[in-house]
Every structure is written in structure tokens, then in C-alpha cells.
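Notes follow the structure.
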Amino acid sequence: MSGYRMSRSTMAAALVCAAGVVAACGGDDDAGRPRPPSASSGAGASGGGDGGGGSGGGPPGDCGNDVAEQGEACDGPDLNGMTCQSLGFDAGEVRCSPECTPDASGCTGVEVCQDGRDNDGDGAVDCDDPECDEACADMCAAPVALADPGATTGDTSGHAAVRSSCSLESPGIAYTFTATTTGFLDVVLTPHTDAPLVAELRGACAEPATRVECGRPSVGAGIDNRLTVPVREGEAFYVVVTGANASQAGAFELGVRSRQTACGDGIQDPTEQCDNALDEPGDGCSNSCQLEATEVEPNNDIASANTYEIPFFAAIGPPINDDPDVDVVRVTVPSGPTDLIAETAAVTSSDCLTGRLDSVIEILDENGEVIVRRDRGENGLCARAVAPSLAAGDYYVRVSSVLGAVPETFPYRLDVTLVSEVCGDGTISAGEQCDDGNTDALDGCSPGCRFEFDETEPNGTPAQADAYAASWLAEISPAGDVDVIAVSVPGPRSTLYVNVGDNNTEACLRGQIDSYIEVLGDDGTTVLASDDDGGVGYCSYASLTDLAAGTYYVRLRAAPLVPDATFFYRLNVTLL
């Protein structure tokens, strides 16, 4: 704001401009920009110095025929879908002026300060509105009361940082809520930002020590984050929404309701081990919302391991004598080479995405030695591990909770897949570097499905550079490796294009290749061009024009953000 408050008619005129009715706005440079009332703008302004209207003073179209045509915001009773709310106000009835522009004189509103909306239609939202100075400086000054059930939108941006035992000091908003049902209270926070937000229940607004419960930090925009606690009818709470870490803020939706416990409603309550639709055989969850476990405890080492079967349902329970619970499952590989893929999955559908299931998977050999360990996969916080090229024999999958995870106990389903490696079938398995559908040699992919490299190490300096030959296939390995490739340019005004590719493995898009290239002059020192992510995905691309004849050098390494990364790559060079 610039020291003035906009009149409702000026606000409506500005919205007409923003909607594209340019002829009513005095030129498109100011379209959609609120301006202070003056002798020539605002309610009653006719648009011309002599009151005659001027050539730009009225919208095009046949104003007055009761049909909103192109260039008209409205016409008589035809409001073209316009409401007070669409103009930024909170309530009221909008009308159409004789000039076919919005008449917002019947619209009203009071800025709420916490909902991310312009309720009073003055062009300022929440903390940008001077009316919200007090509420934004102190979340307890005017907390909004939520119904039961209730829902609202909000945005913590611009609000003062709050003291919280659930997070670091970060901007926060408070609401009041009184339960109408004995059972459980659900607080569902859905962020519209990737900044992690947290919901907290308190007994007193300004006292972090009265905390009832903390929600988990949100894991991404649009993903529901649920906090559920027992509640009695008439209990009152403050619901605080704040950032998980200092200064993190953003928009969100918030829903609250008290309810009775009901197995089969898809909400896993503290008294339930799972909650799926009832009468679903094979889903691991009984009609009393208890886990139908496949595992047999104890199974915490290879001597007591359970034999894997489909489906396999289990649970990571609470620590015993301070030792965390682990589950070990035996998997028999009938023949090799075979890839063993192990994944944890949710029994109640959203547990991986919400972070309720935060697991670690280790694949062990017959002696209990770790082959691979992973704590992330392709579905939220559920884990996925792949042990490639295994020989026939018994192997073991060990499942545990991530250290410090909240909660540290959870039910899960274990999925194990065995994939036989067949070189030449056109499918790249975990133990293959490539698979081009044949077992021919000298085509870039060897008969053993390994890359056939063009480079000769060491080649880390211009003096050691390999001469480029199409199509160049090489490897950045070990960590910190640098490849230098010499390119002969014919001149006298050649154009050079250089890009890093992934040999059709999609590794550039997946981030498995993250390269950095430099093109050096014929002195081997001067950097003429450089690039990090200018190509496909995380792969590099550079070009130069008007090059004289000579030998130039392409220097390639891992990107500065991941200097120890290793990867296979194809270098493509084009000369014009």
C-alpha cells in the first residue's frame, strides 16, 4: 500500500482492467494496477477532461442490451459469473453499472488476516493489510474460531515467529476449536508449499508448555498430514500452524473434526494397527483393524528368519530392552545371475507418503554380511533396495525403522521380486550397464552387457586427451575423475555443439548423470564455454561459433554440487 485506501468503485474498475477490459482502463500499461482516487478516476469519473467520455471512456460492445459481450465485464442482469467474492470481497451483492462495469458498492468484508484471502476487497491480503498489523504481530491477538467439523485456508507468510516445542521459531497462525464429539480429533494439514509445515495442539495459545500433541512435518505440497488425538466432548484447543524450521512459511488448507472411532473409515486411529475398507481379503488388515501378520516373532537374525511368502505382512514393534525391533526374512534365489528387489509398502494406503512408515531395508548374504542398504524408494519414505547379479542361494532381507523416525513403530507389507538377468533381451536389469537387444560386440554394449568405452585412462589433462570419435562412450570414475577429449575443428568459422547424453538409459532425467563440461581453446587453458545443466535433465550442453581451425578440448567432470558422483556417459559432438 502507498498511504491511501482504495474506494470500492476504484477496486472494481481495477478488476475490470485486470480482466482485460482495456478500453475502460485508460491504456494497457496500467491494467490491473490499483490507483488512488483522483478527480479523473474513481466513482463517477467519466474518463475525459470535459466529462464527455473520450475515446477510451467506455467499453466496446452494445452496452445496455442485457448481454455481457466481449469487452464488457457485465451488462444489466448478466453479471458474467461475477460475485462479490470474485472481486475480492467477503460478502454482499454485486451489480452492473450503466457503463457495463462492476458496481461493488453492495459488497462488504472484513479482513480475516489468516486465510490468505482479500476479504475486504482493498487489494491487500492478510499481513499486507494495515488492518492486520496486530493480528500478524501476535497470533493470539485474534485467533479464528473453527467449527466442528471445520475447514479453512491460511498462509503463515508475514506472520510473527512463534515459540513452539514442536519446531524452531517460524511464522505461525492460531485457531480455536471445541470438540462436539467424544472419540478422536483429526487435524488435517494440507500444505500448498514444499516448505515443511507443522500442526500443533495447545491448551493455551501463548504457552508452548501446554502442548497436547505435535504433528509430523509435511512432506510436500498437496500431501495431507494428519494429526489424531483422543478427545472428549466440550474439550477446547488451540490449533497452531507453523513452519517446521526457522523462517519456513507458506499457504495451506486446514481441516478439523471430532468423531467416533470407526474401523473401515481409512483413518488409522491410535487403537488400530491398520484401517482399510472392510471385507477385503488379502489386504493384511482384519475387520477389527488389526494386522493380519505373516511374520512370526522372534525373527531378528538370520537364524530365526521367517521364510518369505506372498503376501508378507509384518510390523516393526517397540524396542525391547532398548534394542530396536528388526525383522529378518529369508529369500531363496533359485538360479543366477538374478536381481533381488525388496520394497516396503503400506498396509494402510497413505502411510508411505505421510511419513508414518519410515523404513530401512538391508539385503544380506548367506553369512549375514550387508550387500546393500537403502532407506528410500520410489514411494514416499518407504524403502527399496536392489541386490544385482546374485548367484543361486539363500539371502536375507532385514527391515527396521529409520533411526529417530516418528513413529518408530508401523505395520508394513514386504514385496520381493526376483528378476533373472538375460543379456541381450533389451531390458536393462540392475546388474547390467546396458542391454541393446543383442550380444554383438563393438556396438557400444558388449556381449556381457557392459559398456564398451572409447576412452583410455589417464586422460585428465589436454596433454593426455583422447581424440574424439563418434559416438564417444566413457565413464567418470572413480570419484573426482576428469576426462579430457580433443576435438579437431576444421575452421575457418566453424560452429561446435557439445552435449552429454545417457545412451538411452534416461539417466540424465533421473539425476543419475550430473555433469559439468568446459570447452577449452587450442592452448588447452582458456575456457571458452562451460555448462552444468543446460542439456536434458542434469546433463550438460555447450556451443561455440566462429571457431578458427585447430584442436579444442572438452573437459568433463561431475557437477560442482556432487563432486564425488560417478557415472557412465555418451559425449556427442557436432561440427558445422
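The values are calculated or read from the model by the stated rules, or taken from the named source; none is laboratory data. Quick caveat: nothing in here was measured; it's all calculated off a predicted structure. Every residue, glycine as well, gets a Cβ built from its backbone with ideal geometry; the counts of neighbours run over all protein chains shown. Accessible surface is based on the protein model in full, side chains and every heavy atom, while ligands, DNA and RNA are left aside. Shrake-Rupley method; radii C 1.70, N 1.55, O 1.52, S 1.80 Å.
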Quick check: is even one residue across the stretch 125-133 closer than 23 Å to LEU146 by Cα and of a type in the set (Val, Ile, Thr)?
yes
Check CYS84, CYS132, CYS136 and return the single one that is out of contact with any Gly (no Cβ under 7 Å at 6 or more places or on another chain), crowded, with 19+ Cβ neighbours inside 10 Å and without any contact (Cβ under 8 Å) to a residue 60 or more places away in the chain.
CYS132
Single residue of the stretch 547-563 satisfying the filter (part of a loop (DSSP other than H, G, I, E, B) and not small (Gly, Ala, Ser)) that is surrounded by the most Cβ atoms within 10 Å (Cβ to Cβ):
VAL562
Inter-residue pairs, beta-carbon under 6 Å, first closer than 25 Å to CYS274 by Cβ and in the stretch 327-354, second basic (Lys, Arg) and open to solvent by 20 Å² or more (accessible area, probe 1.4 Å), 6+ apart:
VAL328/ARG398; GLU343/ARG384; ALA345/ARG413; VAL347/ARG413
I'd like to verify a number: residues in the stretch 295-322 that are part of a strand (DSSP E or B), touching a residue at least 12 places away in the same chain (Cβ under 8 Å) and either among the hydroxyl-bearing types (Ser, Thr, Tyr) or loosely packed, with under 12 Cβ neighbours inside 10 Å (or both), how many?
1
Take the stretch 507-524 and flag every residue that is surrounded by fewer than 17 Cβ atoms within 10 Å (Cβ to Cβ) and either in contact (Cβ under 8 Å) with a residue 60 or more places away in the chain or among the aromatic types (Phe, Trp, Tyr) (or both).
GLY524
Taking the stretch 144-161 on its own, how many of its residues are in contact (Cβ under 8 Å) with a residue 40 or more places away in the chain and farther than 20 Å from LEU227 by Cα?
4
Against the definition (closer than 22 Å to ALA221 by Cβ, touching a His at 6+ places or on another chain (Cβ under 9 Å), assigned to a strand (DSSP E or B) and of a type outside the set (Phe, Trp, Tyr)), how does GLY172 come out, yes or no?
yes
Here are some residues: ASP415, ASP365. Which one is more than 30 Å from ASP269 (Cβ to Cβ), among the acidic types (Asp, Glu) and surrounded by fewer than 19 Cβ atoms within 10 Å (Cβ to Cβ)?
ASP365
Here are ASN499, ASN503: which of them is surrounded by 12 or more Cβ atoms within 10 Å (Cβ to Cβ), assigned to a loop (DSSP other than H, G, I, E, B), in the same structural domain as ALA558 (by the TED database) and touching a residue at least 12 places away in the same chain (Cβ under 8 Å)?
ASN503
Would you check if PRO447 is open to solvent by 50 Å² or more (accessible area, probe 1.4 Å) and touching a helix residue (DSSP H, G or I) at 6+ places or on another chain (Cβ under 8 Å)?
no
Is it the case that THR210 is in contact (Cβ under 8 Å) with a residue 60 or more places away in the chain and surrounded by fewer than 16 Cβ atoms within 10 Å (Cβ to Cβ)?
no
